[in-house]
Amino acid sequence: MITSVISYCNNDFRFIEENIEQVKKFSQDIIICYCKHSFDGDKEDETTIQKMKVLAKECTIVEIEYDSSKSPKYHHNLMRWKGTEMAKSDYILFLDADEIIEGELFNEYLKCYDWLNYDVVSYKCYWYFREKRFRAKKTEEAAVLCKKSICTESYIFSESERWEFLNRMQSLKIQLNETFRGEIICHHYSWVRTKEEMLKKVKSWGHRQEKDWIALIEEEFSHDFSMQDFVHNYQYIDINK
């Protein structure tokens, strides 16, 4: 019924098995796109790539070439574009590897068919920092479900990436911050990282020029978690307590 396109890099290896297992509960056409290099130019470790491929043996794997003259956003978009070209369904769910869907809940949501009334649906998500047990009190959005027909090259290769629909609200039917029966469908583990993984993340992502991320990370790991992050200054709860 829908194609799931997952953008992957080795810095997200810790999430990919859970991501695939959850997506398999509602999607038969799963495409995982990765680049031969991380977006800071370092070559991806081939051993870890092979481990990912074993976990994703029921998925379609797409490798893209790294172009050092292009930005990280270009490579993010290229992965989604290659997935779009190969998608077999009329709707595409765009996920990053660190965005985990509640598979059974999402499967029930899809059976209600209200999403078919929209060109684009985005989903409310829980946001986490440092460890999976630390969840922000404020929610965000993650995961975007789009009609394949709107996923043109100009749409996908936008500076806004998969969020380009926000610039086209006049012409598209859009549902924002979707939940199902009041329950949040998605978990975003973008900053659930070791110090080394965070440093790798900020050296290779599209927002690397926005702050002195390295200094912020060094400061963060000089002490226990203060229950406030340095990304958005969100406050947190420990969901294990």
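What follows draws every value from the coordinates through simple rules; no lab data is involved. Note that the structure is predicted; figures quoted are calculated from it, not measured. Heads up, the Cβs are rebuilt from the backbone with ideal geometry, glycines too, and the neighbour counts pull from every protein chain shown.
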Please verify whether region 209-231 includes one or more residues that are touching a strand residue (DSSP E or B) at 6+ places or on another chain (Cβ under 6 Å), closer than 21 Å to Val5 by Cβ and in contact (Cβ under 8 Å) with a residue 24 or more places away in the chain.
-> no
Unmet requirement for Glu21, which otherwise passes all of (1) touching a strand residue (DSSP E or B) at 6+ places or on another chain (Cβ under 8 Å); (2) closer than 18 Å to Ile92 by Cα; (3) assigned to a helix (DSSP H, G or I) = (1)
Qualifying residues in region 1-32 (those that are under 13 Å from the mean Cα position of the chain (by Cα) and aromatic (Phe, Trp, Tyr)) - the one surrounded by the most Cβ atoms within 10 Å (Cβ to Cβ) | Tyr8
Which pairs have Cβ atoms under 6 Å, sit 6 or more apart or on different chains, and link a residue in region 6-29 that is in contact (Cβ under 8 Å) with a residue 40 or more places away in the chain and among the small types (Gly, Ala, Ser) to one that is crowded, with 22+ Cβ neighbours inside 10 Å and in a helix (DSSP H, G or I)?
-> Ser7/Met79
Pick from Ala136, Ala143: which is on the phi > 0 side of the Ramachandran plot, surrounded by 14 or more Cβ atoms within 10 Å (Cβ to Cβ) and not charged (D, E, K, R)?
-> Ala143
Test Arg208 against the criterion of being surrounded by 13 or more Cβ atoms within 10 Å (Cβ to Cβ), in a loop (DSSP other than H, G, I, E, B) and out of contact with any Lys or Arg (no Cβ under 8 Å at 6 or more places or on another chain), and give yes or no.
-> yes
Reported set for region 113-136 where residues are more than 30 Å from Thr194 (Cβ to Cβ) and touching a strand residue (DSSP E or B) at 6+ places or on another chain (Cβ under 7 Å) is Trp115, Tyr118, Asp119, Val120, Val121
Taking region 192-205 on its own, how many of its residues are without any contact (Cβ under 8 Å) to a residue 40 or more places away in the chain and surrounded by fewer than 18 Cβ atoms within 10 Å (Cβ to Cβ)?
-> 4
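Residue by residue, here is whether (1) farther than 19 Å from Glu18 by Cα; (2) without any contact (Cβ under 8 Å) to a residue 12 or more places away in the chain; (3) among the small types (Gly, Ala, Ser); (4) out of contact with any Asp or Glu (no Cβ under 9 Å at 6 or more places or on another chain) holds:
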| site | (1), (2), (3), (4) |
| --- | --- |
| Leu55 | no, no, no, no |
| Glu63 | yes, no, no, yes |
| Met86 | yes, no, no, no |
| Glu99 | no, no, no, yes |
| Tyr113 | yes, yes, no, yes |
| Trp127 | no, no, no, no |
Among the listed residues Tyr236, Tyr189, which satisfies the condition of being among the hydroxyl-bearing types (Ser, Thr, Tyr), within 19 Å of the chain's Cα centre (by Cα) and surrounded by 19 or more Cβ atoms within 10 Å (Cβ to Cβ)?
-> Tyr189
Is one or more of the residues making up region 187-198 of a type in the set (Val, Ile, Thr) and not in a helix (DSSP H, G or I)?
-> yes
For region 138-180, what are the residues that are polar (S, T, N, Q), farther than 16 Å from Trp81 by Cβ and either in contact (Cβ under 8 Å) with a residue 24 or more places away in the chain or part of a helix (DSSP H, G or I) (or both)?
-> Thr139, Asn167, Gln175, Asn177, Thr179
